[in-house]
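See below for the structure under consideration.
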Amino acid sequence: MLNDQPKYSVIHFYAAVELFVKARLMDEHWSLVVTKRQDPDKSKFFSGDFQSVSLDEAANRLKKIVGSGLSQAELDAFKDVAKHRNKMVHFFHEAHSEKENNKVRHGIVKEQLKAWYFLHQLLTVKWKDVFHSWNTEIAKLDTALRKLHEFLQVVFDNLSEEIKSQKQNGVHFEECPSCGFESQIHDTDNKIIYESSCLVCGLLEKSLCIECSDCNKLVIFKEEGFSDCQSCGKHYEPENLAEILIDSDEAYISAKDGGDSCEGNCNGCDGYHTVVLTENEEWVCASCFEVFSSLESCEWCNELNTGDMSESYTFGCSHCEGMSGWDKS
Ligand SMILES: [Zn+2]
Ligand SMILES: [Zn+2]
Ligand SMILES: [Zn+2]
Ligand SMILES: [Zn+2]
């Protein structure tokens, strides 16, 4: 809509912002939506025969009557959209070059996204009790808007102080592969699978940190057992990672005494000997980063496997075909 009918995009967007603000007032009392220049009249109100509050009036009532006002930043963002609305209605009647039009569109997008960022915060945090029944619709709108980078820039700018102070407290941030901002939080404890989360776009990734075996610097793996050391360039693959993750004392004892094996195969990613018993007594697949509390042995080939092994004598595991394979050959 912004591209083919920018004028209407601007008008409708602003109308939507006003509607949300008025809906919040309405939840308190219908009369708050009527401008102070008129006496509130219930039958006129419900037939639509009344003049509604301006944004400033609404903000004032939210603060003084509802006790849930807008912050200055919120009000400014909404007012910018309102100002643009009035300007745009005239601008697109006149003839302008394509370059000028694009510049104007870009400005509109930024303002709308910023306004949405603040509106979304209001709807899902401060006013969530009033708007919770529309959570799905609000989430859909948010997803659509989060795809636009300009919107995320606003989010990132708003978080920059927090990120700075977290960094000073030793929190490790990486560039997020989804939104491109340095806002993905990492838990640099060695050799434990965790979920890294991006403060800007909310992306979650199963991650793991190790110390590089060559240069001792931090190496981060995301979602899979392939990574390169950013300091010395050493390349890691799942089998290298499996060797690093395995509880070596336990593996030594089992190799020496013929005890239970400390490695198995992954049913999920078909990894061969990628699932290892770590020092935290968890089974971790060094290829797909799934974590298991225990593994069962295949009744046909005896290898440990992450899948359900109850039929394995007949049907095998991820790495053998069981008795049915034997019959065929
Ligand atoms: Zn992100
Ligand atoms: Zn290294
Ligand atoms: Zn796996
Ligand atoms: Zn098997």
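Numbers below:
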item: Criterion (within 16 Å of ligand 3 (Cβ to nearest atom) and under 26 Å from residue 212 (Cα atoms)) met by exactly one of 277, 295, 304; result: 277
item: Single condition residue 66 does not satisfy, out of (1) touching a residue at least 40 places away in the same chain (Cβ under 8 Å); (2) closer than 23 Å to residue 145 by Cβ; result: (2)
item: Selection within region 202-212 - touching a Cys at 6+ places or on another chain (Cβ under 9 Å) and within 13 Å of ligand 2 (Cβ to nearest atom); result: 212
item: Residue count for region 164-181, restricted to those that are acidic (Asp, Glu) and either surrounded by fewer than 16 Cβ atoms within 10 Å (Cβ to Cβ) or within 12 Å of the chain's Cα centre (by Cα) (or both); result: 1
item: Residue in region 54-65 that is assigned by TED's automatic domain parsing to the domain that holds residue 21, at pLDDT below 85 and crowded, with 17+ Cβ neighbours inside 10 Å present; result: no
item: Flag for residue 227 being within 16 Å of ligand 2 (Cβ to nearest atom), more than 30 Å from residue 163 (Cβ to Cβ) and outside the structural domain of residue 312 (by TED's automatic domain parsing); result: no
item: Scope region 280-301; condition more than 32 Å from the chain's Cα centre (by Cα) and either among the charged types (D, E, K, R) or within 16 Å of ligand 2 (Cβ to nearest atom) (or both); matching residues; result: 296, 299
item: Helices (runs of 4 or more DSSP H) lying entirely in region 224-325 (those with 2 or more residues that are of a type in the set (D, E, K, R)); result: 238-245, 248-257
item: Selection within region 214-247 - away from ligand 3 (no atom under 16 Å from the Cβ), touching a residue at least 24 places away in the same chain (Cβ under 8 Å) and either in contact with a Leu (Cβ under 9 Å, 6 or more places away or on another chain) or on the phi > 0 side of the Ramachandran plot (or both); result: 220, 247
item: Options 304, 241, 277, 245; residue that is within 16 Å of ligand 2 (Cβ to nearest atom) and not charged (D, E, K, R); result: 241
item: Residue ID - modelled with the highest pLDDT, chosen from residues in region 139-156 that are aliphatic (A, V, I, L, M), surrounded by fewer than 18 Cβ atoms within 10 Å (Cβ to Cβ) and not in a loop (DSSP other than H, G, I, E, B); result: 139
item: Selected residue (only one of 304, 295 is closer than 24 Å to residue 239 by Cα, touching a strand residue (DSSP E or B) at 6+ places or on another chain (Cβ under 7 Å) and within 11 Å of ligand 4 (Cβ to nearest atom)); result: 304
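Here is a yes/no grid of residues against (1) outside the structural domain of residue 76 (by TED's automatic domain parsing); (2) farther than 14 Å from residue 78 by Cβ; (3) part of a helix (DSSP H, G or I):
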residue	(1), (2), (3)
20	no, no, yes
24	no, no, yes
27	no, yes, yes
45	no, yes, yes
49	no, yes, no
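Listed here are the residues, each with its yes/no results for (1) in a strand (DSSP E or B); (2) more than 16 Å from ligand 4 (Cβ to nearest atom); (3) closer than 27 Å to residue 270 by Cβ; (4) in contact with a helix residue (DSSP H, G or I) (Cβ under 7 Å, 6 or more places away or on another chain).
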{"residue": "179", "(1), (2), (3), (4)": "no, yes, no, yes"}
{"residue": "183", "(1), (2), (3), (4)": "yes, yes, no, yes"}
{"residue": "206", "(1), (2), (3), (4)": "yes, yes, yes, no"}
{"residue": "216", "(1), (2), (3), (4)": "no, yes, no, no"}
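The values are calculated or read from the model by the stated rules, or taken from the named source; none is laboratory data. Being a predicted model, the structure only gives us computed values, none of them experimental. Heads up, the Cβs are rebuilt from the backbone with ideal geometry, glycines too, and the neighbour counts pull from every protein chain shown.
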